[in-house]
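The values are calculated or read from the model by the stated rules, or taken from the named source; none is laboratory data. Being a predicted model, the structure only gives us computed values, none of them experimental. Cβ placement follows ideal geometry from the backbone for every residue including glycine, while neighbour counts extend to all protein chains displayed.
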Amino acid sequence: MTIYIAGPMTGLPDLNFPAFHDASAELRAAGFKVVNPAEINPDHTMAWADCMRRDIKALMGCDCIVLLPGWMDSRGARLERHIAVQLGMQVFDLQDLLKTRRAA
């Protein structure tokens with residue numbers, strides 16, 4: 001299963017990249033293939049719309065989306081979740097998915 005990570009970036013220190021990288025490491029350690037927007041768009045100076053175009057393209061190749069804490073406050077993460085839901089993709093909260101994986 002290939003997972004796309006969505007969460008808040010804009011306005012957060014270091015664009016919240018540490019949270020994205022931590023989530024990627026945990027999910028990969030649990031055996032998932034991960035698409036991390038912080039890896040797709042490492043340039044902090046890129047325009048939001050340019051980043052979203054890349055991110056949405058990457059989302060299309062994934063099986064599900066995992067939401068980081070604070071995703072509701074992120075215009076981009078809300079858009080990514082909306083697209084995933086409309087396409088019938090599974091949507092998970094990061095901690096819930098990791099708990100389920102550990103219990104299995």
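Listed here are the residues, each with its yes/no results for (1) polar (S, T, N, Q); (2) at pLDDT below 95.
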residue: 31; (1), (2): no, yes
residue: 37; (1), (2): no, no
residue: 43; (1), (2): no, yes
residue: 62; (1), (2): no, no
residue: 66; (1), (2): no, no
residue: 74; (1), (2): yes, no
residue: 88; (1), (2): no, no
residue: 97; (1), (2): no, yes
residue: 104; (1), (2): no, yes
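List every residue pair whose Cβ atoms sit under 7 Å apart, with the two residues 6 or more apart in sequence or on different chains, where the first one lies in region 7-30 and is among the basic types (Lys, Arg) and the second, anywhere, is buried (at least 18 other Cβ atoms within 10 Å of the Cβ).
That search, which allows pairs on different chains as well, returns 28/34.
Please go through region 2-51 and pick out each residue that is β-branched (Val, Ile, Thr) and under 19 Å from residue 70 (Cα atoms).
3, 5, 10, 35
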